[in-house]
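The values are calculated or read from the model by the stated rules, or taken from the named source; none is laboratory data. Because the structure is predicted, anything quoted here is derived from the model rather than measured. Quick reminder, even Gly has a Cβ in these numbers, built from the backbone with ideal geometry, and neighbours come from all protein chains shown. These area figures cover heavy atoms from the full protein model, side chains too; ligands, DNA and RNA do not enter into them. Shrake-Rupley method; radii C 1.70, N 1.55, O 1.52, S 1.80 Å.
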Amino acid sequence: MATIERFNTEDERQYYETAGRVQVKPGWLQGEGQPMPEMEPYLWRWAEVEPLVMKSGELVTPDRDVERRTLRLATPGLDRGTTHTITAALQLLLPGENAPAHRHTPTAIRWVLKGTGAYTTVEGDKCYMEPGDLVLTPSWTWHDHNNEGEEPMVWLDGLDVPLVRYLRANFYEAYPEDQQPIVGVAESERKFASGALRPAWEEPSAPYSALWHYKWDKTHEALHQLAEVDASPFDDVAMEFSDPMTGGPVLRTMTCWAQMIRPGIATRAHRQTSCAVYQVYKGEGHSVIDGKRFDWTEGDFFVVPPWVWHEHANNSGDEAILFSIQDIPIMKQMALYREEPYEANAGHQPVTGHFKG
Ligand code: GTQ
Ligand code: FE2
């Protein structure tokens, strides 16, 4: 029981003491609810992270000495997770290696960064991973990763673990074998190959996208096609990966975006109650987050906490492409999503500092 400092009489003192003993807490002593300030925006440089990822291949081996070979993006101020809802980690799988099959209630996404020749099997569907591909392993789906190729594979894992843990719904089950049986290859991908047409007889049946593999070529093409006709003042050419059956986000708790910040563009600042983890897939530029300028280049990662102003810019001569994982779906489903544009100064924050790292 926290000590209570506000009492004027012996009667009041006794009241608060008794309340403490009985395990009830006067609400009038508590402050008003505020967005939790513990998390700060942060940026990880690929040039610093990549050597640690590659070296992890010499230190530990999945299946033999560890469950998985991952390095979490650990935001200062948080005990776990990369945000309060999302955990992001880099995973390395060397040629010939297998990350054993299992399933868990947290949902995972994979955003492929490097390598070719590895696949993730999701519920028996073999999904070959190439850079820029998005592979979903929704809640409670069996998955295992295998590298049949000649190159080290590196991808970004995004999971809703902090949220699921908070909700006390974290379950895990190992598959009896290292690999689950293969039922097909690229089946979900071929079912929705056009991106716009879907099997006519099927109705939405699962609480996540029926397509779980989004190929980079299609994503990149979609960004360029959109750029020809429209863009957002806050996010430039931004696209959300969507569930082909519903048109909604691919998952219930997290959504994934690919966005192109075109050369010369400086977006207007806004803030949302949702938060996001970004990867700079291509190009260079900067973001101003909470008044601080974060310069980024290919491969870097950065995090935007809830309810802080942020804007993106690209002063280079080439396109910049950002991938992000955001917790918008959970906020919207709970009717807690809010968004606000930055009105002053033509939508741009005054820059009060530079992130050094
Ligand atoms: O690859 O299955 O980063 O289960 C964390 C938990 C990756 C995985 C993570 C996982 C996985
Ligand atoms: Fe997993």
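Using a Förster radius of 45 Å, what is the FRET efficiency between LYS25 and LYS218 based on their Cβ-Cβ separation? Nearest 0.05, please.
Numbers: r = 54 Å, r/R0 = 1.20.
Efficiency at R0 = 45 Å is approximately 0.25.
Just want the answer: with Cβ charges of +1 for Lys and Arg and -1 for Asp and Glu, which residue in TYR281, PRO62, LEU167 is farthest toward the dipole's positive end in the chain?
LEU167
Just from its helices, what would the mean residue ellipticity at 222 nm be for the chain, if runs of 4 or more DSSP H residues each count -39500 (n - 2.57) and the sum is divided by every residue, rounded to the nearest 500 deg cm²/dmol? Walk me through the numbers on the way to the answer.
Working: 6 runs with 58 residues, N = 357.
The helix-only estimate for the chain comes to -4500 deg cm²/dmol at 222 nm.
Can you pick out the pairs among LYS218/LYS356; LYS332/LYS356; LYS25/LYS356; LYS218/LYS332; LYS55/LYS356 whose Cα atoms lie more than 31 Å from each other?
Values: LYS218/LYS356 35 Å; LYS332/LYS356 34 Å; LYS25/LYS356 43 Å; LYS218/LYS332 27 Å; LYS55/LYS356 24 Å.
LYS218/LYS356; LYS332/LYS356; LYS25/LYS356, as the Cα separations exceed 31 Å there.
What ranking of MET54, MET334 comes out by heavy-atom accessible area, probe 1.4 Å, highest first?
Working: MET54 60, MET334 115 Å².
Largest accessible area first, the list is MET334, MET54.
When the accessible area of the stretch 81-128 is computed with all protein chains present and a 1.4 Å probe, what percentage of it is carbon and sulfur?
Values: 500 of 940 Å².
After summing per-atom areas, the C and S share lands at 53 percent.
Leaving out ligands, DNA and RNA, and with a 1.4 Å probe, what % of the accessible surface on the stretch 130-232 is carbon or sulfur? Let's see the in-between values first.
On the way: 3110 of 5770 Å².
Roughly 54 percent, rounded to a whole number.
Once you order the gyration tensor axes a ≥ b ≥ c over the Cα atoms, which shape class does the stretch 209-282 get: rounded for a/c under 1.5, otherwise prolate or oblate by comparing a/b with b/c?
On the way: a/c = 1.87, a/b = 1.27, b/c = 1.47.
It is oblate, given that a/c is not under 1.5 and a/b is not larger than b/c.
In square angstrom, what is the accessible area per residue of the chain with a 1.4 angstrom probe?
Details: 17810 Å² over 357 residues.
With the other protein chains kept in place, the chain gives 50 Å² per residue.
Which of rounded, prolate, oblate describes the stretch 271-357, given a ≥ b ≥ c as roots of the alpha-carbon gyration tensor eigenvalues and a/c under 1.5 marking rounded, otherwise prolate only if a/b is larger than b/c? List each step's numbers first, then the result.
Numbers: a/c = 1.99, a/b = 1.32, b/c = 1.51.
The shape class here is oblate.
Please report, in debye to the nearest 20, how large the charge dipole of the stretch 83-173 is about its Cα centre when each Lys and Arg carries +1 at its beta carbon and each Asp and Glu carries -1 there.
Details: 6 positive and 12 negative charges, 92 e Å.
About 440 debye.
Between LYS126 and residues 5 or more places away or on another chain, which pairs have amide H atoms under 5 Å apart, with H built 1.01 Å from N, and which residues are they?
Here the answer is VAL183, GLY184, VAL185, ALA186, GLU187, since their amide H atoms fall under 5 Å of that of LYS126.
Would you please classify the overall shape of the stretch 36-169 from the alpha carbon gyration tensor, given that a ≥ b ≥ c denote the square roots of the eigenvalues, rounded means a/c under 1.5, and beyond that prolate means a/b larger than b/c while oblate covers the rest?
Taking the square roots of the gyration eigenvalues as a ≥ b ≥ c, the stretch 36-169 is oblate.
From largest accessible area down, sort MET331, MET129, MET239; use a 1.4 Å probe on the protein chains.
On the way: MET331 35, MET129 0, MET239 65 Å².
Per-residue accessible area, sorted high to low, gives MET239, MET331, MET129.
Calculate the spin-label point distance for ARG198 paired with ARG13, positioning each point 7 Å from the Cα along the beta-carbon direction, and give it in nanometres.
6.8 nm
What is the extension gain from ASN345 to LEU71, computed as 0.36 nm multiplied by their sequence separation minus the C-alpha to C-alpha distance, in nm to one decimal?
Values: separation 274, 0.36 × 274 = 98.64 nm, distance 3.95 nm.
Contour length minus Cα-Cα distance gives 94.7 nm.
Give the long-range amide H neighbours of SER232: residues separated by 5 or more places, or on another chain, with amide H under 5 Å away, using H modelled in the peptide plane at 1.01 Å from N.
Long-range HN contacts for SER232: VAL237, ALA238.
Tally Lys and Arg at +1 and Asp and Glu at -1 over the other residues with C-beta under 9 Å from the C-beta of TRP296: what net charge comes out?
Working: positive: ARG45; negative: GLU284, ASP295, GLU298, ASP300.
Residues close to TRP296 contribute a combined charge of -3.
Lys/Arg Cβ at +1, Asp/Glu Cβ at -1, dipole of the chain taken about the Cα centre: which of PRO26, MET129, THR82 is farthest positive-ward?
The one lying farthest along the dipole's positive direction is PRO26.
Report the relative contact order of the stretch 117-226, percent, no decimals, based on alpha-carbon pairs under 8 angstrom and at least 6 residues apart.
Numbers: 121 pairs, mean separation 38.6, N = 110.
Over the stretch 117-226, the number comes to 35 percent.
What percent does the relative contact order of the chain come to when contacts are Cα pairs within less than 8 Å and at least six residues apart? Let's see the in-between values first.
On the way: 830 pairs, mean separation 53.9, N = 357.
This gives 15 percent for the chain.
Spelling out what I want: for every residue of the stretch 292-299, take phi, set θ = phi - 60°, compute 6.51 cos²θ - 1.76 cosθ + 1.60 (Karplus), and round to whole Hz; glycine and proline get x.
9, 8, 10, 7, 10, 9, 3, x
So if I place +1 on the C-beta of Lys and Arg and -1 on the C-beta of Asp and Glu, and nothing else carries charge, what would the dipole magnitude of the stretch 249-357 be about its Cα centre? I want it in debye, nearest 20. Could the numbers behind the result be given before it?
Details: 10 positive and 12 negative charges, 53 e Å.
The calculation lands at about 260 debye.
If you restrict to DSSP beta bridges whose two residues both lie in the chain, what percentage is antiparallel, to the nearest 5? If you can, show how the numbers build up before the last one.
On the way: 79 of 84 bridges.
Within the chain, antiparallel bridges account for around 95 percent of the total.
Using +1 at the C-beta of Lys and Arg and -1 at the C-beta of Asp and Glu, which of MET245, ALA320, GLY357 has the Cα lying farthest in the positive direction of the dipole of the stretch 224-357?
With unit charges placed on the Cβ atoms, the residue in question is GLY357.
So how strong a dipole does the stretch 19-95 carry about its Cα centre when Lys and Arg Cβ are +1 and Asp and Glu Cβ are -1, to the nearest 20 debye?
240 debye
Go ahead and run the numbers for FRET between ASP295 and THR61, Cβ-Cβ distance against an R0 of 25 Å, rounding to 0.05. Could the numbers behind the result be given before it?
Details: r = 36 Å, r/R0 = 1.44.
Computed FRET efficiency for ASP295 and THR61: 0.10.
To the nearest whole percent, what portion of all C-alpha pairs in the chain is separated by more than 37 angstrom? Could you put the intermediate results ahead of the total?
Numbers: 15695 of 63546 pairs.
Everything past 37 Å amounts to 25 percent.
How do ILE109, ILE330 stack up against each other in accessible area, from largest to smallest, with a 1.4 angstrom probe? Please report the intermediate quantities before stating the final value.
Details: ILE109 0, ILE330 30 Å².
Listed by decreasing accessible area, they come as ILE330, ILE109.
Could you work out what % of the accessible surface of the stretch 248-357 is carbon and sulfur, using a 1.4 angstrom probe and leaving DNA, RNA and ligands out of the count?
On the way: 2140 of 4320 Å².
Using a 1.4 Å probe with all protein chains present, the stretch 248-357 comes out at 50 percent carbon and sulfur.
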